[in-house]
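Data first, discussion second: the structure below is written as structure tokens.
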Amino acid sequence: MIPISVVKLDTRAEELVLSAIRSGQIVQGEFVEQLEHEFSEMIGVTHAVAVNNGTTSLIAALEAMGVGPGDEVITSPFTFVATLNAILACGATARFADISTEDFNITAENIAAQITPRTRALIPVHLYGQGADMTAITALAAEKNLLLLEDAAQAHGAAVDGTPVGTFGVGSFSFYATKNITTAEGGMITTNDDSLADRLRVLRNQGMRARYQYELAGNNWRMTNIHAAIGLSQLSGYNQQVKQRRANATFYGEALSDIPGIELPKQLPGREHVWHQYTLRVTSEARVTRDELVDQLTGAGIGCGIYYPKLVYDYPPYYNRADVVPTSVPNAEMAVREVVSIPIHPQLSASDLDEVAGAIRTIMAGR
Ligand SMILES: *Cc1c(COP(=O)(O)O)cnc(C)c1O
């Protein structure tokens, strides 16, 4: 069995977690601050604020930016549900811009078509580890005076035109178990704005600045020291892991080229992709459907995943609501029908990679 993702913590993680437990500092503690410091250095940003998961980091960022009822937020229809849930949790209204099939991310042009007088913020999602076209999106946000929050949950360390994602606007990262960097559950907000960072630190701790001095109606959004210990163990080896993901992507790029009906993912010019997922499109020219490919890969013991099988708002909880405004998104509609992600994680051996590529070639040759 070759799984789509592997959670592998090393002996350094064991040592750090044990030391957090033995120190008695299991909730607040030095590892949280150290993780914030090291992550901010890695991203190249002044402030990194740790929270308990990546959904919280989106909600906290929106709340600290002042997004709320009456505001519209434009995001991707082709994302994990957390992006939409965060907008709704803040009481804002969600609108959707179509994606590009080149990088699966929303574009400045499609965002511009959705802007209304009530638009307050944009949330581009850097899907699968590749940044959206942030140079154009940042310019649009500046021109229209809109807040910019990047959902970088899948794109730790990715860059666009030499600038790291999470620094164009406010950044939101996830450290869920299967993300490129994990703390088991965790999240991080990145910003160069001192007062925003300060507000986030107060908000995540019940709105409290000093003991029992409440400045804001806050929340308990804190990351624990045990979780931060896991995160610290992941940062030092991360560059190497990304290198391995890139090497695996290069392997597939060669091994899977020229299969009729298979479109390989592209790293676009100026983008530094961190390959959280390696996502193929099975087009209408293929002799086998996307779902048949998934069934047969699964039958052959090769893990694969459909991220995502439907548009984010195409589920009953989001039907017929005034705060979810669907639109025509033909590229995203095509993506939900055609995408399939195959294993790309750094734990794959050369023979695993051969096996995955061989199986895809055989299956795609026809029934
Ligand atoms: C994982 C993910 C999130 C949410 O992160 P959690 O840590 O699971 O709460 C948000 N957006 C995207 C695009 C994600 O992939």
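Any read-out appearing in this document is the output of simple, stated calculations on the displayed coordinates, not a laboratory observation. Everything numeric in this text was worked out from a predicted model, so none of it was measured. Reconstructed Cβ throughout: ideal geometry from the backbone, glycine too, with neighbour counts over all protein chains shown.
Just one of the numbered conditions (1) away from the ligand (no atom under 16 Å from the Cβ); (2) among the aliphatic types (A, V, I, L, M); (3) more than 20 Å from MET134 (Cα to Cα) is not true of ALA113; which one?
(3)
Please go through region 79-98 and pick out each residue that is within 14 Å of the ligand (Cβ to nearest atom), under 14 Å from LEU122 (Cβ atoms) and of a type in the set (Val, Ile, Thr).
Result: THR79, THR83, ILE87.
For the structure I just gave you, tell me whether VAL32 is in contact with a helix residue (DSSP H, G or I) (Cβ under 9 Å, 6 or more places away or on another chain), in contact (Cβ under 8 Å) with a residue 60 or more places away in the chain, part of a helix (DSSP H, G or I) and not acidic (Asp, Glu).
Working: in contact with a helix residue (DSSP H, G or I) (Cβ under 9 Å, 6 or more places away or on another chain): yes; in contact (Cβ under 8 Å) with a residue 60 or more places away in the chain: yes; part of a helix (DSSP H, G or I): yes; not acidic (Asp, Glu): yes.
Criteria met by VAL32.
So which of ALA82, ALA13, ALA86 ends up being farther than 20 Å from TYR128 by Cβ, small (Gly, Ala, Ser) and surrounded by 17 or more Cβ atoms within 10 Å (Cβ to Cβ)?
On the way: ALA82 fails: farther than 20 Å from TYR128 by Cβ; ALA86 fails: farther than 20 Å from TYR128 by Cβ.
When all the criteria are applied, what remains is ALA13.
Need the failing condition index for ARG222 against (1) of a type in the set (D, E, K, R); (2) free of Cβ contacts under 8 Å to residues at least 24 places away in the same chain; (3) in contact with a strand residue (DSSP E or B) (Cβ under 7 Å, 6 or more places away or on another chain), just the number.
(2)
Would you call THR101 of a type in the set (S, T, N, Q) and in a loop (DSSP other than H, G, I, E, B)? Don't jump to the end; show me each part of the working.
Working: of a type in the set (S, T, N, Q): yes; in a loop (DSSP other than H, G, I, E, B): yes.
In short, yes.
Considering only strands (runs of 3 or more DSSP E) fully contained in region 112-199, which possess at least 2 residues that are touching a residue at least 60 places away in the same chain (Cβ under 8 Å)? Write out each step before concluding.
On the way: elements: 119-123, 147-151, 170-174, 187-191.
Counting at least 2 such residues, we get 147-151, 170-174, 187-191.
Which count do you get for residues in region 39-54 that are buried (at least 17 other Cβ atoms within 10 Å of the Cβ) and either out of contact with any strand residue (DSSP E or B) (no Cβ under 7 Å at 6 or more places or on another chain) or assigned to a loop (DSSP other than H, G, I, E, B) (or both)?
First, the residues of region 39-54 that are buried (at least 17 other Cβ atoms within 10 Å of the Cβ): 39-40, 42-43, 45, 47-54.
Then drop every residue that is not either out of contact with any strand residue (DSSP E or B) (no Cβ under 7 Å at 6 or more places or on another chain) or assigned to a loop (DSSP other than H, G, I, E, B) (or both), which leaves 42, 45, 52-53.
Total meeting the criteria: 4.
Tell me the residue from ALA247, ALA228 that is among the small types (Gly, Ala, Ser) and surrounded by fewer than 22 Cβ atoms within 10 Å (Cβ to Cβ), please. Full working, then the answer.
Values: ALA228 fails: surrounded by fewer than 22 Cβ atoms within 10 Å (Cβ to Cβ).
Answer to the check: ALA247.
Restricting the search to region 5-29, which residues are among the charged types (D, E, K, R) and part of a loop (DSSP other than H, G, I, E, B)?
The answer is LYS8, ASP10.
So the check is Cβ under 8 Å with 6+ separation or different chains; which pairs have a first residue in region 325-348 that's of a type in the set (S, T, N, Q) and a second one that's not in a loop (DSSP other than H, G, I, E, B)?
Short answer, once both residue conditions are applied: THR327/ARG95; THR327/PHE96; ASN331/ILE99; SER341/TYR128; SER341/TYR278; SER341/THR279; SER341/LEU280; SER341/GLY305.
Give the residue that is farthest from the ligand (Cβ to nearest atom), with candidates limited to residues of region 156-182 that are small (Gly, Ala, Ser) and farther than 14 Å from LEU122 by Cα.
To start, the set of residues in region 156-182 that are small (Gly, Ala, Ser) comprises 157-159, 162, 166, 169, 171-172, 174, 177.
The next check asks that each one be farther than 14 Å from LEU122 by Cα; those that pass are 157-159, 162, 174, 177.
Values: GLY157: 15, ALA158: 13, ALA159: 18, GLY162: 23, SER174: 3, ALA177: 9 Å.
Restricting to residues being small (Gly, Ala, Ser) and farther than 14 Å from LEU122 by Cα, the top hit is GLY162.
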